[in-house]
Amino acid sequence: MLRRYIGTKEFYKSVMAVAVPIMIQNFITNFVGMLDNIMVGQVGTAQMSGVSIVNQILFVFYLCLFGATSGAGIFTAQFAGNRDSEGIRHTFRYKAAVSLVITAVGTAVFVFFGSGLIDRFLQGEDTAGEADKYLAFGEDYLRVMLIGLLPFAVSNIYSSTLRENGETVVPMAAGIAAVIVNLFLNWVLIFGNLGAPKLG
């Protein structure tokens, strides 16, 4: 009776083989943002505040992409289970189209309304000078992050499709490589190491 609801060892092994790499990849994705905040925080509080605010705004964009691709991903997983390659291609094209639209809309919002969105987080600041500094650092950081929106969307399409086809190790390995590259470039560019300009 209990076995009907708990399942077999083989079932749990197959579930964990898929779930653990996905958990690690999601941890890595969130760890990158935290790493940015920590390293920028060593430069100054104003810089860290600007970066932290922008990361919260970008998180909404990431959620939109995740929701759009995850909805289609349910069908991708079903098509993969049926070995329906044409169905997988259809869902992949849908993911690409909707991700492109979300990225275009998101980029337009950040370009035209980014300063206003950041400023909404600074309404409670006591001194105008401090708020202006936070706003300026946030705007600088947002301009840099805009470059990565499209590559992030493309990598999200591929990694989600791979996961839905049962291939979870490749996206996890790519996520680990991204953390290492991010950490190295932060160390070089934020602190001005290896002869690079100190961008802060």
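The values are calculated or read from the model by the stated rules, or taken from the named source; none is laboratory data. Keep in mind the model is a prediction, meaning the values are calculated, not measured. Cβ sites come from the backbone with ideal geometry, for glycine too, and all protein chains shown count toward neighbours. Accessible surface is based on the protein model in full, side chains and every heavy atom, while ligands, DNA and RNA are left aside. Shrake-Rupley method; radii C 1.70, N 1.55, O 1.52, S 1.80 Å.
Side notes on the structure shown:
- Once the range 156-193 is narrowed to residues that are free of Cβ contacts under 8 Å to residues at least 24 places away in the same chain and outside any helix (DSSP H, G or I), the residue that is nearest to Phe66 (Cα to Cα) is Glu167.
- Flag for Thr76 being farther than 18 Å from Pro171 by Cα and β-branched (Val, Ile, Thr): no
- Enumeration of residues in the range 45-87 that are farther than 15 Å from Leu162 by Cα, aliphatic (A, V, I, L, M) and touching a Phe, Trp or Tyr at 6+ places or on another chain (Cβ under 7 Å): Ala46, Val51, Ile53, Val54
- Flag for Asp140 being in contact (Cβ under 8 Å) with a residue 24 or more places away in the chain and open to solvent by 30 Å² or more (accessible area, probe 1.4 Å): yes
- Residues that are open to solvent by 60 Å² or more (accessible area, probe 1.4 Å), in a helix (DSSP H, G or I) and more than 25 Å from Thr103 (Cβ to Cβ) within the range 25-65 comprise Ile38, Thr45, Met48, listed in sequence order.
- Residue match in the range 11-19 (condition: at pLDDT below 75 and more than 18 Å from the chain's Cα centre (by Cα)): yes
- Ile176 vs. criteria modelled with pLDDT of 90 or more and either open to solvent by less than 40 Å² (accessible area, probe 1.4 Å) or farther than 15 Å from Phe61 by Cβ (or both): no
- Count - residues of the range 71-115 that are open to solvent by less than 80 Å² (accessible area, probe 1.4 Å) and not in a helix (DSSP H, G or I): 1
- Residue check for Leu135: surrounded by 15 or more Cβ atoms within 10 Å (Cβ to Cβ), part of a loop (DSSP other than H, G, I, E, B) and in contact (Cβ under 8 Å) with a residue 24 or more places away in the chain: no
- Put simply, of Thr69, Thr76 the only residue that is among the polar types (S, T, N, Q), touching an Asp or Glu at 6+ places or on another chain (Cβ under 6 Å), over 30 Å from Lys133 (Cα atoms) and touching a residue at least 60 places away in the same chain (Cβ under 8 Å) is Thr76.
- Unmet criterion (only one of (1) modelled with pLDDT under 85; (2) in a helix (DSSP H, G or I); (3) not basic (Lys, Arg)) for Ala196: (2)
- Look at (1) surrounded by fewer than 19 Cβ atoms within 10 Å (Cβ to Cβ); (2) under 19 Å from Ala178 (Cβ atoms); (3) touching a helix residue (DSSP H, G or I) at 6+ places or on another chain (Cβ under 6 Å) and you find that Val20 fails only one, number (3).
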